[in-house]
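Below is one structure, written out as structure tokens; comments come after it.
The values are calculated or read from the model by the stated rules, or taken from the named source; none is laboratory data. Only a predicted model underlies this, so the values are computations on that prediction, with no experimental measurement involved. Neighbour counts are summed over all protein chains in view; Cβ atoms, including those assigned to glycine, are modelled from backbone coordinates with ideal geometry.
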Amino acid sequence: MTDKVASPVTVPPPESLAGGRKIFAGARVRRLRTQRGLTQTRMANDLGVSISYLNLIERDQRPLSASFLLKLAQNYDLDIRGLTGDDEGELVDDLSKLFTDPRLIGIDVPRSELRDLAARSPAIAHALLRLAAATPAVAPAAPPPGPLAAVSAMIDGAGNYFAVLDEAAETLADELRLSGSDLNAAVVERLRARHAITVRALPAEVLPGQLRRLDLHARQLQLSESLDAASRGFAAAVQLGLIELKMQIADTITAAGVTDPLAVRACTVALGKYAAAATLMPYGRFLNACETTGYDVELLQARFGRGLEQVAHRLTTLHRPGARGVPFFFLRVDRAGTISKSFAPGASPLPVAGGCALWHVYHAFDRPGEIRRQLVELEDGQRFLTLARTVRTAAMPWGGARPSFAIGIGCDVAHAPALSWSAGIQMNGPAAPIGPGCAACHRAACRQRGLPPANAYLAFDERQRGLTPFRFTDE
């Protein structure tokens with residue numbers, strides 16, 4: 001009698017299972033392990049891998065390799081397609097609908113977090129949906145979000161590009177150029193000739209606590225002498241945009257669904273600044289200059305007569321369909337790490353509050369005025385090429401406290417070939433290992449760590465001390 005020989009377990013190549021993309025299924029591997037009552041040590045021994053490697057797999061910091069999938073199939077007799085499919089898609093869709101409930105206005109949960117909840121804790125996800133279905137639909141109206149939240153929502157919803165406003169500003173810029181090549185002077189003349197508003201620079205003591213003021217009684221736009229030439233030109237362009245592009249600004253705010261009076265005024269201020277940048281750095285000319293100079297920020301400053309922060313802002317808005325620029329993100333920080341401005345062409349790779357002290361934007365204050373570049377890598381392997389420099393604020397009277405800010409811009413290394421300032425950097429070489437702040441970072445060996453990760457399990461041992469005071473695990 002011949003014994004039957006078991007057929008060897010075969011695993012389809014990852015390309016056929018995931019359409020060529022890398023497979024990250026840490027939550028499912030972890031659920032498989034916990035359902036079978038295995039520790040990480042036991043599973044790592046079963047699969048012939050290190051505990052640290054398995055930990056990276058479970059935290060989605062390493063994709064599943066074909067050999068790893070084969071070992072899973074051989075050791076645990078499971079269908080590999082259950083690890084590589086997208087069986088949580090329907091659950092994620094239901095959770096997304098849950099957060100459109102009017103009672104949850106102001107609570108913005110990224111789809112990535114919902115996907116993580118569906119993968120790691122499907123029972124909790126189903127419980128939330130069942131609880132929502134059983135809750136009466138009538139509930140007290142949630143308070144409206146604040147004006148700054150409305151501005152952020154408007155900008156994020158438009159991808160930081162407002163087509164109608166940008167195109168109208170470009171047309172305005174073409175008209176202004178007929179008056180001469182100096183757009184600053186053309187803006188001032190347009191305010192005088194068309195709107196009977198003269199622009200005056202006044203001593204700081206005449207405008208205490210203000211940089212710009214429109215005095216309709218005197219028909220004057222009054223600017224503080226503490227502003228430099230680029231900032232005065234920008235302030236005048238803001239006022240011109242608020243007057244001549246008033247209809248486009250109002251339509252943009254209405255289209256964004258902003259109705260609260262205070263929020264409308266906040267959005268008007270923001271769009272006035274957007275219109276000024278789009279007028280002084282018109283889209284077509286600015287994008288062409290970016291591409292011909294390799295996004296050289298100093299040359300762009302000189303060519304358009306603008307400040308570094310104004311140029312950096314404009315770089316984040318180049319998303320016109322058919323004529324897109326490099327998608328930059330932008331942050332402005334102070335010495336304490338407070339982020340006062342943040343723009344990104346989508347979900348920002350960095351936080352809107354807090355940050356990582358290893359990123360050079362926080363070291364720009366050590367060498368004021370010097371542009372510094374850095375190749376950085378996040379915990380999930382994403383790499384970005386970034387620039388950072390301090391920026392000047394308005395001049396201050398002698399003895400006054402001078403504000404200090406630094407800005408950082410960056411983009412994915414995939415766009416590095418388009419940047420003149422990428423020369424000499426090996427994009428696959430050593431990179432600074434930064435994170436979104438200690439509370440959200442799981443790099444155990446980081447010497448800069450000041451706090452343990454939120455929700456991590458801490459361990460203490462009076463007999464030893466590691467590189468940091470914190471020993472933690474996700475287990």
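Going through (1) over 32 Å from the mean Cα position of the chain (by Cα); (2) of a type outside the set (Lys, Arg); (3) closer than 16 Å to Thr279 by Cβ one by one, Ser224 falls short only on (3).
Here Leu148 fits the description: touching a residue at least 24 places away in the same chain (Cβ under 8 Å) and either in a strand (DSSP E or B) or farther than 19 Å from Leu280 by Cα (or both). Across segment 202-217, not a single residue is classified as within 36 Å of the chain's Cα centre (by Cα) and closer than 30 Å to Pro321 by Cβ. In summary, Cys267 fulfils each of the numbered conditions (1) in contact (Cβ under 8 Å) with a residue 60 or more places away in the chain; (2) within 24 Å of Thr390 (Cβ to Cβ); (3) not aliphatic (A, V, I, L, M) with the single exception of condition (2). Counting the residues of segment 35-63 that are part of a helix (DSSP H, G or I) and either modelled with pLDDT under 80 or in contact with a His (Cβ under 8 Å, 6 or more places away or on another chain) (or both) gives 1. When you check Lys341 against the structure, is it in contact with a Lys or Arg (Cβ under 7 Å, 6 or more places away or on another chain) and among the basic types (Lys, Arg), yes or no? Against the criterion (in contact with a Lys or Arg (Cβ under 7 Å, 6 or more places away or on another chain) and among the basic types (Lys, Arg)), Lys341 qualifies.
I'd like to know if segment 457-473 contains one or more residues that are within 24 Å of the chain's Cα centre (by Cα), in a loop (DSSP other than H, G, I, E, B) and surrounded by 12 or more Cβ atoms within 10 Å (Cβ to Cβ).
Taking segment 457-473 and keeping what is within 24 Å of the chain's Cα centre (by Cα), we get none.
No, because not a single residue in segment 457-473 is within 24 Å of the chain's Cα centre (by Cα), in a loop (DSSP other than H, G, I, E, B) and surrounded by 12 or more Cβ atoms within 10 Å (Cβ to Cβ).
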